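Written below as structure tokens is the structure these notes are about.
Laboratory data are not the source of any read-out in this text; all were calculated from the coordinates shown. These numbers were taken from a predicted model, which means no experiment stands behind them. For neighbour counting, all protein chains shown are included, and Cβ atoms are generated from backbone atoms with ideal geometry for every residue, glycine included.
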Amino acid sequence: MHVKGSFFTTLSQRMTVVRTEETHCNLCGGADRDKLDEELGFGIWQCRDCGLVYVSPQPCAEELPRFYEEMYPNADEATVAARGFGWVERHIAAIVARRKPEGGRFLEVGCGYGALLEALSPQPLELHGLELSETAAAYARTRVPTASIETGPIEDAAFPPASFDVIALIAVLEHVKDPRAVLERLTALLAPGGLLIVQVPYPHPYIKLKRVFPRLPVSFEAPRHLYGFSPVTLERYFREAGLTAIRTEVARPYSGASRLHAGLIWAVKIPGIVLAKLTTGRWIYPFAAAIVTHGVKK
């Protein structure tokens, strides 16, 4: 199958799925749900109890490593440059500088080609990365030679508890089979007072809008994306993982097909960024397309 990009994420990708399984809400466990849409034969559902959006059926867990290799087929300069303009990475780096100015040990889960690690290199941080794709990890090692980068899933990583002061994930949590278990694992890896930063897409308001405007060029990107988070559901995940001082912001544009396209994305996002600042983060524009949530371990 071919998972198409959409207006906010231009990455299209061939994806092979052999085995699938039905699933229910990962956040509250509820089975009552409403169908929002369907893409490539995969249903997109919203839990009636907590509002989490998820794909069912989903690819089985053993399918995911192959998905990441298909996502990073090569590491030439043109491919890497097309993955983003650096705005997301600068935004995350600013959050780290603001909330952890003293620095410490930093881990990025799903570090890809190393763009965030490079953006953080001027800060007083000991940089670590974890990536499923060996192709992407190899490029990141040459891009940021001061960083220690390992390959493998976070569930198997041999990091000791409380070993990091900051952990960040950019466009990762929507891909994992069990977001609750991953966030609990990451919280355990944080030292007391450690900072967790998670950036995810926020596509489902657009999926609902497509019922009225079916030609809207936005997709959920199932089954590449397994979950759709909102400020409410992601902050609940954070609280239940044991995090506090939780804040949510509108994420910056990740990439664009051209500078003109990127400008159009900025035009959509700027009202949300302004409104979030005016309300000191209490109100997040539902058409922000992506959000960044960060919180501190108790």
**Rg/Rg_globular for the chain, with Rg_globular taken as 2.2 N^0.38 Å and Rg from C-alpha atoms** = 0.94
**Message:** Taking R0 as 45 Å, what FRET efficiency do you get between THR279 and GLU134 from their Cβ-Cβ distance, rounded to the nearest 0.05?
**Reply:** 0.55
**Request:** Show me 201-210, 28-37 ranked by packing, highest mean number of other Cβ atoms within 10 Å first.
**Result:** 201-210, 28-37
**Footprinting exposure proxy for PHE164, PHE213 (fewest neighbouring C-beta atoms within 10 Å first)** = PHE213, PHE164
**Request:** Starting from the Cα-Cα distance between ARG98 and THR146, subtract it from 0.36 nm times their residue separation and give me the gain in nm to one decimal.
**Result:** 15.0 nm
**Message:** Considering the Cα positions of region 144-227, please state its Rg to one decimal place and its Dmax as a whole number of Å.
**Reply:** 16.6, 50
**Item:** Within the chain, percent of DSSP bridges classed antiparallel, to nearest 5
**Value:** 60
**Message:** At R0 = 41 Å, how high is the FRET efficiency between LEU260 and THR20 if r is their beta carbon distance? Nearest 0.05 is fine.
**Reply:** 0.60
**Message:** Considering the Cα positions of region 97-183, please state its Rg to one decimal place and its Dmax as a whole number of Å.
**Reply:** 12.5, 34
**Request:** Return, in residue-number order, each cysteine of the chain whose C-beta is not under 4.7 Å from any other cysteine's C-beta.
**Result:** CYS60, CYS111
**Value at 222 nm in deg cm²/dmol, rounded to 500, when DSSP H runs of n ≥ 4 in the chain each add -39,500 (n - 2.57)** = -9000 deg cm²/dmol
**Asked** Roughly what would the spin-label model give for PHE287 and ASP32, points 7 Å off Cα along C-beta, in nm?
**Response** 3.1
**Asked** Which of the helices in the chain meet the span-like rule: DSSP H, Cα axial reach of 20 Å or more, Kyte-Doolittle mean at least 1.0?
**Response** 259-278
